[in-house]
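The values are calculated or read from the model by the stated rules, or taken from the named source; none is laboratory data. Nothing here was measured: the structure is a model prediction, and the numbers come from that model. For neighbour counting, all protein chains shown are included, and Cβ atoms are generated from backbone atoms with ideal geometry for every residue, glycine included. Surface areas here come from the heavy atoms of the whole protein model, side chains and all, with no ligands, DNA or RNA. Shrake-Rupley method; radii C 1.70, N 1.55, O 1.52, S 1.80 Å.
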Amino acid sequence: MGATVQASSPAVLNEPINIESPKKHAPRVMFGETLVALGHENPNIVVLDADLACSTQTAKFAKAFPNRFFNQGIAEQDLMNTAAGLATVGKIPFLSTFAMFASGKAWEPLRNTVCYSNLNVKIAPTHSGISLGEDGASHQSIEDIAITRVIPYLTVIVPSDSTETQAVIEWAAETYGPMYIRLIRPDVPVIHRKDDYVFEPYKLRVERAGTDLTIVATGETVYFALLAANRLAEQGINVEVLNALFIAPFDVEGMVASAKKTGKVLTVESHSVIGGLGGVVCETLSEHCPTPVKRLGVQAGRFGQSGKAVDLFREYGIDAQAIEEAVVAWVKG
Amino acid sequence: MAPIIPTPPVKLPATFQPSYNGTANLPNDVLHKIATQCRLDALEMIYTAESGHPGSSFSCLDILTYLYCSHLRHDAHQPTWSDRDRFVLSKGHAAPALYAILMETGYIDKALKPTLRQVHSKLQGHPASQYISGVDVSTGSLGQGLSCAVGMALGLRLDDSPARVWTVLGDGECQEGNTWEAVMSAAHHKVNNLTAIVDRNRLQIDGSTEAVKGLGNMAKKFDSFDWNVLEIDATSFDEIRSACQKADELAKTTDRPTVIIANTVKGRGVSFMENQAGWHGKAPNTSEYEAAVAELQALLK
Ligand SMILES: Cc1ncc(C[n+]2csc(CCOP(=O)(O)OP(=O)(O)O)c2C)c(N)n1
Ligand SMILES: [Mg+2]
């Protein structure tokens with residue numbers, strides 16, 4: 001990628017990847033640090049938050065560039081529209097809050113003001129999906145991919161780890177257009193080495209090639225898919241793992257190529273199975289290459305709930321064990 | 001059917017002189033003529049489209065005329081001039097009024113009048129920034145424009161730009177929570193380069209604002225949110241002019257944003273439309289159109 005800016009990467013991003021016992025790092029911390037690095041390079045970068053700067057890590061930017069940081073208070077519509085106004089005069093606003101509120105409370109300003117006006121606003125909320133854990137369903141955005149990917153002009157991106165988060169934030173800063181960058185709360189395994197990571201926008205990333213079945217995962221569940229793939233290999237099942245870093249626009253060619261090869265597609269996401277990754281994969285394949293699909297995620301009719309992230313992944317059937325079981329049942333069954 | 005795609009701004013002939021801009025200190029009779037011509041143009045567009053908002057457009061046309069023809073620093077030749085004053089029509093349903101004044105000042109070709117609200121037209125029912133040079137942000141969903149204006153003001157201030165930001169809000173629109181979020185933000189961030197004008201016509205769709213959900217004393221409300229407050233009879237160009245000039249002064253002498261509570265008449269200029277909620281968003285039929293045109297043309301004589 002042609003990033004002109006390099007945030008100083010923590011050592012953990014450069015270490016060899018061991019999927020069985022990975023090093024962890026928090027993507028939102030990487031987000032905050034990358035913003036600061038970008039802020040030094042580009043005076044047009046401004047950051048807005050809605051009283052969650054400490055959680056989202058935009059507080060780092062606020063400290064470094066107090067006059068380019070705007071805390072809009074607990075007012076998410078105002079947050080979104082103010083960012084739009086800043087973009088009209090040539091600023092590059094990054095805004096953050098929890099994904100629930102950026103996508104939910106501010107959906108209509110996102111659609112009508114930011115996207116319809118095609119403004120260069122980067123919406124980068126944290127605490128998406130169920131992994132924020134203990135705060136429970138009121139804070140767990142399990143619909144945000146569904147309700148953002150339908151908006152024209154909006155690019156929807158779901159990084160899987162800190163390495164990807166850094167690459168995405170740097171790319172977003174230098175690429176025009178409204179973007180929704182879905183970040184998470186926990187520390188998660190670093191599955192890409194910074195040293196040899198090649199960022200390819202708009203592409204499904206083949207994390208592991210295989211022939212028996214395709215697992216398409218997005219965000220933090222890519223790690224679970226890779227872990228499951230290891231276990232499945234031990235049982236003689238050779239799965240392909242695709243990382244859906246870009247949900248919108250979606251890589252139709254990449255999806256079709258893999259589906260043609262394996263003939264079975266399993267989707268995994270920390271999101272409702274309706275309308276999100278599972279939705280876009282089904283839409284794509286039913287139109288371009290009809291292929292059986294099974295979807296792991298929060299099943300229809302359920303909200304999230306309080307709990308530790310690890311327990312929630314188990315409860316909602318998206319951890320490595322659930323993926324492994326689903327694949328075995330399908331391939332061997 | 002071909003999709004609507006963004007089109008480049010209207011190409012002006014090199015010799016074109018914008019009819020008016022902020023440097024023109026126009027007398028009341030000229031402003032009155034321009035405003036009347038804009039009412040005729042807006043009504044023609046709405047009549048042709050068989051749809052649109054005449055009452056809402058007429059309500060704010062004197063204000064738009066004064067701003068665009070005698071106050072804002074802008075130039076249709078340079079619609080992306082970075083230090084131009086910004087204007088946001090937060091009450092986006094008054095689009096025909098904005099289109100009429102942007103035609104008068106050289107941003108939009110008058111030949112587009114018959115295309116209002118038609119397929120493939122730049123003149124969408126509500127202003128769409130991607131199709132019209134001179135419109136920086138799309139509006140139409142009420143309650144959003146003031147936040148956008150605050151964002152513009154913050155960005156311009158970061159650039160040490162002398163540009164000022166102006167926005168016109170509906171009074172009914174002030175029932176939107178987002179408006180008050182922005183009112184708080186503007187005061188908190190001390191954006192003194194911003195002036196909001198509330199088109200206080202006391203009507204919204206379902207009737208009187210006070211009956212639907214009372215707005216009460218708006219001057220007092222803004223004052224308690226730490227804004228400078230001016231209140232005027234906006235049927236007088238003298239009052240509009242002095243309030244806008246006062247707002248410029250306050251932008252220099254205080255660290256507060258300024259609001260002008262502009263008491264207006266919805267449907268102004270056409271007797272049977274004035275103060276009638278029913279003319280908020282209804283196109284005239286042929287006989288109504290002819291009667292309205294006759295009244296407006298009489299004003300031009
Ligand atoms: C968010 C939103 N809700 C509802 C509407 C529909 N609507 C269009 S105009 C209007 C009334 C506006 O009244 P006011 O703000 O007083 O404007 P004016 O009287 O100047 O027309 C409504 C409810 C809208 N455009 N946006
Ligand atoms: Mg009104």
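A few remarks follow.
- Residue within the range B:157-167 that is in contact with a Pro (Cβ under 9 Å, 6 or more places away or on another chain), crowded, with 23+ Cβ neighbours inside 10 Å and of a type in the set (S, T, N, Q) present: no
- Taking residues in the range B:194-217 that are under 30 Å from B:Arg84 (Cα atoms), and partners anywhere that are open to solvent by 30 Å² or more (accessible area, probe 1.4 Å) and away from ligand 1 (no atom under 11 Å from the Cβ), the pairs with Cβ atoms closer than 6 Å and at least 6 places apart or on different chains are B:Arg200/B:Asn263.
- Residues (facing another protein chain (nearest Cβ under 9 Å) and either closer than 20 Å to A:Gly39 by Cβ or in contact with a strand residue (DSSP E or B) (Cβ under 6 Å, 6 or more places away or on another chain) (or both)) located in the range A:85-135: A:Gly85, A:Leu86, A:Ala87, A:Val89, A:Gly90, A:Lys91, A:Pro93, A:Leu119
- Number of residues in the range B:79-99 that are open to solvent by less than 10 Å² (accessible area, probe 1.4 Å), part of a helix (DSSP H, G or I), touching a residue at least 40 places away in the same chain (Cβ under 8 Å) and more than 11 Å from chain A (Cβ to nearest Cβ) equals 5.
- Tally, over the range B:132-143, of residues that are more than 7 Å from every other protein chain (Cβ to nearest Cβ) and either open to solvent by less than 20 Å² (accessible area, probe 1.4 Å) or under 19 Å from B:Leu67 (Cα atoms) (or both): 6
- Any hit, the range B:259-277, residues being within 14 Å of another protein chain (Cβ to nearest Cβ) and more than 12 Å from ligand 1 (Cβ to nearest atom): no
- Residue check, B:Leu102 open to solvent by less than 20 Å² (accessible area, probe 1.4 Å) and either away from every other protein chain (no Cβ under 14 Å) or aromatic (Phe, Trp, Tyr) (or both): yes
- Scanning the range A:128-155 for residues that are buried (at least 24 other Cβ atoms within 10 Å of the Cβ) and either assigned to a strand (DSSP E or B) or not assigned by TED's automatic domain parsing to the domain that holds A:Gly32 (or both) returns A:Ser128, A:Ser141.
- Test: A:Thr163 is within 14 Å of another protein chain (Cβ to nearest Cβ) and touching a residue at least 24 places away in the same chain (Cβ under 8 Å): no
- Residue list for the range B:168-205, restricted to those being within 21 Å of A:Glu108 (Cβ to Cβ), open to solvent by 10 Å² or more (accessible area, probe 1.4 Å) and more than 11 Å from ligand 2 (Cβ to nearest atom): B:Glu176, B:Gly177, B:Trp180, B:Glu181, B:Met184
- Residue list for the range B:277-288, restricted to those being more than 16 Å from ligand 2 (Cβ to nearest atom), crowded, with 18+ Cβ neighbours inside 10 Å and in a helix (DSSP H, G or I): B:Glu288
- Selection within the range A:200-214 - touching a residue at least 12 places away in the same chain (Cβ under 8 Å), open to solvent by 10 Å² or more (accessible area, probe 1.4 Å) and in a loop (DSSP other than H, G, I, E, B): A:Pro201, A:Tyr202, A:Lys203, A:Leu204, A:Ala209, A:Thr211, A:Asp212
- Any chance B:Ala219 is assigned to a helix (DSSP H, G or I) and more than 9 Å from ligand 1 (Cβ to nearest atom): yes
- Scan the range B:120-131 for residues that are touching a Ser or Thr at 6+ places or on another chain (Cβ under 8 Å) and more than 8 Å from chain A (Cβ to nearest Cβ) and the total you get is 7.
- Among (1) in a helix (DSSP H, G or I); (2) under 19 Å from B:Gln204 (Cβ atoms); (3) more than 12 Å from ligand 1 (Cβ to nearest atom), the one test that B:Tyr47 misses: (2)
- Residue match in the range A:80-92 (condition: outside the structural domain of A:Gly276 (by TED's automatic domain parsing), in contact (Cβ under 8 Å) with a residue 12 or more places away in the chain, under 27 Å from B:Asp136 (Cα atoms) and open to solvent by 30 Å² or more (accessible area, probe 1.4 Å)): yes
- Any pair with Cβ under 9 angstrom, 6 or more apart, that starts in the range B:62-73 at a residue that is modelled with pLDDT under 95 and ends at one that is among the small types (Gly, Ala, Ser) and open to solvent by less than 10 Å² (accessible area, probe 1.4 Å): B:Cys69/B:Ala35; B:Arg73/B:Ala163
- Selection of the range B:272-291 for residues being among the small types (Gly, Ala, Ser) and touching a Pro at 6+ places or on another chain (Cβ under 6 Å) yields an empty set.
- Of residues in the range B:176-216 being within 8 Å of ligand 1 (Cβ to nearest atom) and outside any loop (DSSP other than H, G, I, E, B), the one nearest to the chain's Cα centre (by Cα): B:Asp199
- The set of residues from the range B:53-81 being within 16 Å of ligand 2 (Cβ to nearest atom) and in contact with a Pro (Cβ under 6 Å, 6 or more places away or on another chain) comprises just one member, B:Ser57.
Quick grid of which residues meet (1) closer than 24 Å to A:Ser131 by Cβ; (2) among the basic types (Lys, Arg); (3) open to solvent by 10 Å² or more (accessible area, probe 1.4 Å); (4) touching a Pro at 6+ places or on another chain (Cβ under 8 Å):
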{"site": "A:Val216", "(1), (2), (3), (4)": "yes, no, no, no"}
{"site": "A:Val222", "(1), (2), (3), (4)": "yes, no, no, no"}
{"site": "A:Asp251", "(1), (2), (3), (4)": "no, no, yes, no"}
{"site": "A:Gly254", "(1), (2), (3), (4)": "no, no, yes, no"}
{"site": "A:Lys264", "(1), (2), (3), (4)": "no, yes, yes, yes"}
{"site": "A:Ser270", "(1), (2), (3), (4)": "yes, no, no, no"}
{"site": "A:Val273", "(1), (2), (3), (4)": "yes, no, no, no"}
{"site": "A:Pro290", "(1), (2), (3), (4)": "no, no, yes, no"}
{"site": "A:Lys294", "(1), (2), (3), (4)": "yes, yes, yes, no"}
